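Every number here is computed from the coordinates shown, using simple stated rules; none is lab data. Predicted model only: the values in this text are computed from it and were never measured. Quick reminder, even Gly has a Cβ in these numbers, built from the backbone with ideal geometry, and neighbours come from all protein chains shown.
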Amino acid sequence: MIETVEVAEVLTTPFNESIVNLLDLSSRAIKAEGASVLLPEGEEGDLVFKWACGSVSDSLIGVTVPSGKGIAGFVYTTGQPMAVSDAERETNFYSEVDRNTGFSTHTILATPLHFDGDVTGVLEYVNREGDPPYEPFTSEEMDLAALYADAVASLVHAYTSADLLGEFSRRMLEGADGEGSRDVESFLADLEGSEEHKDRIRLAELVRRASSLGEKERELCENILESFVRYRNGGH
Amino acid sequence: MEIADLTSSGERFSAPGIAARFDENWKECTGRGVSIAIVDSGIDISHTALQGKIRSSSEAFREGKRIVFRDSESGDAAGHGTACAGVVLAIAPDAEIHSIKVLGSAGIGDGDSFLAGLEFAIKQRHRIINLSLGTTKPQYAAPLRDLLDRAYLAGCIVVSAANNLPQPSFPSVFSSSLIAVSKATEQDPFKFGFRFGEVIEMTAPGVNVRTTWTGNSHKTVTGNSFACPHISAVLALLLDRYPEMTPFQAKSALFAISKAASTD
């Protein structure tokens, strides 16, 4: 039951973190001030900022780009990457986003996220670090962004699958009815409020982070934990 | 130069000898009388730089299971077609541009409408068909290949933008029946590259290209999408000079010109 309740968070958190880490890493490589991932939402084809890194990332998350608008809409519609070096003159979308976030967009590099033949979103890099005049994004940086986009697209797909799985689990629980269901809900409510449960989740998260550091780190982590358990069980 | 000379003998392809036979008058041409279909997101015909230059605007509509084309007044859904038209007209100002809107039109914008737009352009027998877009969906590969064969036989020269993504993009990978283009940093529109043996054979200016944009503005853009119309425009000049040029001859001419430029 613990696994079922926490499945959405446990499954999606690693992907969330990995996507933001990759955005951060790639924006450094591309010498951009910030990066973001936009995914389609709704039937109209609007795009929503889902992940971002950079100075205004918090205020960017959740902002919607209307269908076909802005460089992101352009790239999503055509499936073709592009860069714009004078984005501050953009009349239809970025001026509005900039007003809302206090950001000033002057250069953009956007490339589509492809998965299984479909355009699934847009990876966007904005601005150069430093002072004007800002260098435009280069052809080589555009090619590099395409490689990062491939990795981001895979992570986004994994995130989406995990999110769906979590949602599926939640609905399964909600769909159960009758006395048994109320007992389960009561049990889960107690469980979620317990300090022991919270401690276990924290420990699981710690193990997950340690194991993501590398093969040797995973081995070391495993050895330490096994030694500890053997010691507590009175083994050798 | 006679175009037949360019294609009649394998040994004559040895640049720069062949290029020396190629007169340069075509560079003074304007693309007059040459029809170019831009299969894309539509074109903003109200842009002051494009007014009077767009001969027709058609748009894909779904009728039941069929996709039909009617006159369009909806302009450009994304700016892409407007940018491509600007690149063409900067080099071939008298070319006859025909907008075929397949992206962001009436709620459709998928591979089906893309295919239908290409087929529509072939039926209209436009001399040049500019495809600054593509699809990575493998199910469209075979029908696109069939359409490209039809275009070739109809004398339509199809120019397609590569994508610079790890996945193959159709139709740009079908190098035998179209002219595929990727971006280069070169700014001179007549200094394009030909990389025989590569899937994407041609390179053309596509970095920091100043072109028309929606909202009656201009932008400086980078991408293969903008290299593609450079080659379409160069072909318009060549077809203005040599109206009988076939798709095969067109590619041969581009090869010869690029080799000559690289040995200058």
- Kirkwood Rh over Cα pairs of chain B into Stokes-Einstein at 25 °C, 0.890 mPa s: D in µm²/s? 135
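For each of B:170, B:255, A:228, count neighbouring Cβ atoms within 10 Å of the residue's Cβ, then give the residues from fewest to most. Don't skip to the answer; put the middle values down first.
Details: B:170 25, B:255 20, A:228 10.
Starting with the residue having the fewest Cβ neighbours, the order is A:228, B:255, B:170.
As a check on your grasp of the helix formula, calculate [θ] at 222 nm for chain B: sum -39500 (n - 2.57) over DSSP H runs of n ≥ 4, divide by the residue count, round to the nearest 500.
Numbers: 7 runs with 84 residues, N = 264.
Taken over chain B, the calculation gives -10000 deg cm²/dmol.
Arrange the following residues from fewest to most other Cβ atoms within 10 Å of their Cβ: B:29, B:156, B:84. Before the final figure, lay out each step's value.
Working: B:29 19, B:156 24, B:84 32.
By the 10 Å Cβ count, ascending, the order reads B:29, B:156, B:84.
How well do other chains shield peptide A:113-120, expressed as the mean number of their Cβ atoms within 10 Å of each residue Cβ? Intermediate results must be reported in sequence, preceding the final value.
Numbers: counts 1, 8, 2, 4, 9, 5, 3, 0.
The per-residue average across the peptide is 4.
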- Over its alpha-carbon atoms, the protein assembly as shown yields an Rg and a Dmax in Å of 27.0, 95
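Using a cut-off of 15 Å between beta-carbons, work out the net charge of the residues near residue B:45 (Lys and Arg +1, Asp and Glu -1, residue B:45 not included). Working shown, then result.
Values: positive: B:53, B:55, B:101; negative: B:40, B:44, B:59, B:71, B:73, B:76, B:96.
Once all neighbours under 15 Å are counted, the net charge is -4.
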- Per-residue mean of C-beta atoms belonging to partner chains within 10 Å, peptide B:207-214: 4
- Average partner coverage of A:149-156, which counts Cβ from other chains inside 10 Å: 1
- Residues B:44, A:163, sorted so that the one with the fewest Cβ neighbours within 10 Å comes first: A:163, B:44
- For region B:213-264, how big is the tail of P(r) above 18 Å, as a whole percent of Cα pairs? 48
- Query: How do B:227-237, A:150-160 rank on mean C-beta neighbours within 10 Å, highest first?
  - Reply: B:227-237, A:150-160
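In the structure shown, do any of A:69/B:65; B:101/B:259; B:27/B:53; A:31/B:183 have a Cα-Cα gap over 30 Å, and if so which?
Working: A:69/B:65 28 Å; B:101/B:259 35 Å; B:27/B:53 20 Å; A:31/B:183 21 Å.
The answer is B:101/B:259.
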- Where the Cα atoms of region B:164-264 are projected onto their three principal axes, how long is each span, largest first, in whole Å? 38, 35, 27
- Kirkwood-based Rg over Rh for region B:22-173 (C-alpha set), two decimals? 0.96
- Message: Can you bin every Cα-Cα distance in region B:100-208 into 5 Å intervals starting at zero and give me the percent of pairs per bin, rounded to whole numbers?
- Response: 2, 13, 22, 24, 19, 14, 6, 1, 0
- Take every Cα-Cα distance within region A:18-128, group them into 5 Å bins from 0 onward, and report for each bin the whole-number percent of pairs it holds. 2, 13, 24, 29, 21, 8, 2, 0
